[in-house]
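Trainee: I have a structure I would like to understand better, so I am pasting it below and will then ask my questions one at a time.
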Amino acid sequence: MLNLHTNTETAVFTKLESNVRSYARSFPAVFTRAKGTELFDNSGKRYLDFLAGAGSLNYGHNNPTMKAALVDYIMDDNITHSLDLHTVAKAKFLTTMHDVILAPRGLGDYVMQFVGPTGTNAVEAALKIARKATGRSNVIYFTNGFHGVSMGALAVTGNSYLRAAAGVPLQNTTAMPFDGYFGEGVDTITHLEKVLSDPSSGMETPAAVILETVQGEGGLNVARIDWLKRLEALCNKRGIVLIVDDIQAGCGRTGTFFSFEPAGIKPDVITLSKSLSGYGLPMALVVLKRSLDKWRPGEHNGTFRGNCHAFVTATAAIEQYWSTGEFAAEIRAKGEYLRTRLQAMVDSFSGDLIDVRGRGMMIGVRCADAKRAAAVSAKCYQYGLIIERAGPDDEVIKCMMPLTTTYAELAEGMDILEQAITEEYGVTEMLKAA
């Protein structure tokens, strides 16, 4: 047995785990326990977790409300695995999700489809149903979009590094420029509308358009409200299925349960995963208009689409945090605090730090040099802050802490980030001043 308290504590991972592992390369500690926003490694060192399972732990590690509900459920020998059989846990989740989340947002006639446990499976199902319902094959996606790495989802993901790993041509999709891709002076909706309306453009009417309203892995690019409204109108006019991938930006991350709420739009299909279970348990969901529910029994299935433990914690999360508007307001207030702190750093190191990006508690700072952004992240790790990067070149330092993080912890994390930035860029600023 490997002793994880020796200098060779990571040897087992190097020896036995695939090279595909990624996060552990930036944060190589061996972690043992966690609570809220705190992580501890096997030497007892404390870290603030501003990664939060890439947005899968919006309510923190081992959230006490969800843990209690789960432990009670398990101790009563309730159903763990059920395929898509009817269970009390599923019934309660369906009812709670409908009554607390969907109906108050004008989505009460939408239905819910449980898919395999990952977000990419929800995207696969969304693409399939759009093609099945419309009889068309092409799907429009946007530059810097990320929707997963299974083959269908990868075909609507922009990152060339990830696309190259497919090993085969990725077909039946077309990339279009996201809002702001060419700068403020270029209207990309007008561009899209022209391409779709011109019979000589070479583009036929697609089955669907898929997007993130706030692009996570793509660099925290935020679609403007008017842009989203016009995209919805264009899709409605042409009978194109509008899919919003809210896997990372949803479940409150941007300050409302769904990221698209500020725009007042109603997508035809919504994909959810990551923090939907509330406890980091695998769970993915497709929410779609009833009129699009053209599935025949079993046409899209998966052995682990009935994770009753995730139903229990998801229900507890919705009841605890979304029955009133208080939690959402708190997220927005915390987001403004983060924006203020980050903007001060940009002001202090203008030229090296370009701007603040994102919305709510899905926010970060864009660096002019991706290598120096990596150096900042590494320094943060040394000082006990786990914070990752995003963007085409990983040039955006990305804050994704639990939404339940206290103001004291937010301040501590921002202090560490500021210290790391000052150490990395301070010499440059002194040379400029000289």
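The values are calculated or read from the model by the stated rules, or taken from the named source; none is laboratory data. What you see is a predicted model, and the numbers here were worked out from it, not measured in a lab. No Cβ is skipped: glycine too gets one built from the backbone with ideal geometry, and neighbour counts run over all protein chains shown. Side chains included, ligands, DNA and RNA excluded: accessible areas come from the protein's heavy atoms. Shrake-Rupley method; radii C 1.70, N 1.55, O 1.52, S 1.80 Å.
Trainee: Filter the stretch 1-17 down to residues that are loosely packed, with under 13 Cβ neighbours inside 10 Å and of a type in the set (Val, Ile, Thr) and give me whichever is modelled with the highest pLDDT.
Mentor: Across the stretch 1-17, the extreme among qualifying residues is THR14.
Trainee: Just the residues that are closer than 28 Å to HIS81 by Cα and crowded, with 21+ Cβ neighbours inside 10 Å, please, taken from the stretch 319-348.
Mentor: TYR321
Trainee: Right, next: For the stretch 359-376, name all the residues that are touching a strand residue (DSSP E or B) at 6+ places or on another chain (Cβ under 9 Å) and open to solvent by 10 Å² or more (accessible area, probe 1.4 Å).
Mentor: Hits for the stretch 359-376 are ARG359, GLY360, ARG366, ALA368, ALA370, ALA374.
Trainee: Another question about this same structure. Regarding the stretch 281-300, can at least one residue be identified that is at pLDDT 95 or above, charged (D, E, K, R) and surrounded by 24 or more Cβ atoms within 10 Å (Cβ to Cβ)?
Mentor: For the stretch 281-300, residues at pLDDT 95 or above, charged (D, E, K, R) and surrounded by 24 or more Cβ atoms within 10 Å (Cβ to Cβ): absent.
Trainee: Would you point out the residue of the stretch 113-132, among those that are open to solvent by 40 Å² or more (accessible area, probe 1.4 Å) and either in contact with a strand residue (DSSP E or B) (Cβ under 8 Å, 6 or more places away or on another chain) or in a strand (DSSP E or B) (or both), that is nearest to ASP84 (Cα to Cα)?
Mentor: PRO117
Trainee: Next question, about the same structure. Taking the conditions exactly as written (surrounded by fewer than 17 Cβ atoms within 10 Å (Cβ to Cβ) and in a helix (DSSP H, G or I)), does ALA310 satisfy them or not?
Mentor: no
Trainee: Name the single residue that is surrounded by the fewest Cβ atoms within 10 Å (Cβ to Cβ) among those in the stretch 181-212 being within 23 Å of LYS266 (Cα to Cα) and in contact with a Gly (Cβ under 9 Å, 6 or more places away or on another chain).
Mentor: Filtering first and then ranking leaves THR205.
Trainee: Just checking, how many residues over the stretch 57-89 are over 22 Å from LYS274 (Cα atoms), among the acidic types (Asp, Glu) and either touching a Lys or Arg at 6+ places or on another chain (Cβ under 7 Å) or part of a helix (DSSP H, G or I) (or both)?
Mentor: Residues flagged as over 22 Å from LYS274 (Cα atoms), among the acidic types (Asp, Glu) and either touching a Lys or Arg at 6+ places or on another chain (Cβ under 7 Å) or part of a helix (DSSP H, G or I) (or both) within the stretch 57-89 amount to 1.
Trainee: Right, something else. I'm told VAL20 meets every condition in (1) in contact with a Phe, Trp or Tyr (Cβ under 7 Å, 6 or more places away or on another chain); (2) open to solvent by 50 Å² or more (accessible area, probe 1.4 Å); (3) in a loop (DSSP other than H, G, I, E, B); (4) of a type outside the set (D, E, K, R) except one. Can you identify the failing condition by its number?
Mentor: The number of the failed condition is (1).
Trainee: If you take the residues of the stretch 135-149 that are open to solvent by 40 Å² or more (accessible area, probe 1.4 Å) and not charged (D, E, K, R), which of them is farthest from ILE240 (Cα to Cα)?
Mentor: VAL149
Trainee: Among the numbered criteria (1) of a type in the set (Val, Ile, Thr); (2) in a loop (DSSP other than H, G, I, E, B); (3) over 30 Å from TYR321 (Cβ atoms), which one does THR14 miss?
Mentor: Every listed condition holds for THR14 apart from (2).
Trainee: A follow-up question, please. Of all residues in the stretch 365-379, how many are within 22 Å of LYS45 (Cβ to Cβ) and either among the aliphatic types (A, V, I, L, M) or free of Cβ contacts under 8 Å to residues at least 60 places away in the same chain (or both)?
Mentor: Number satisfying all stated conditions: 5.
Trainee: State all residues of the stretch 283-298 that are over 24 Å from THR213 (Cβ atoms) and touching a residue at least 40 places away in the same chain (Cβ under 8 Å); if no residue qualifies, say none.
Mentor: LYS294, TRP295
Trainee: Additional query: Please pick out the residue among VAL214, VAL222, VAL156 that is in contact with a helix residue (DSSP H, G or I) (Cβ under 8 Å, 6 or more places away or on another chain), within 25 Å of VAL287 (Cα to Cα), at pLDDT 95 or above and of a type in the set (A, V, I, L, M).
Mentor: After applying the criteria, what remains is VAL156.
Trainee: Quick check on this structure: which one of LEU85, LEU48 is within 30 Å of ARG359 (Cβ to Cβ) and touching a residue at least 12 places away in the same chain (Cβ under 8 Å)?
Mentor: Answer to the selection: LEU48.
Trainee: Out of ASP41, ASP109, ASP76, I need the residue that is exposed (fewer than 14 other Cβ atoms within 10 Å of the Cβ), out of contact with any Pro (no Cβ under 6 Å at 6 or more places or on another chain) and without any contact (Cβ under 8 Å) to a residue 24 or more places away in the chain. Which one?
Mentor: Just a single option satisfies the conditions, and that option is ASP76.
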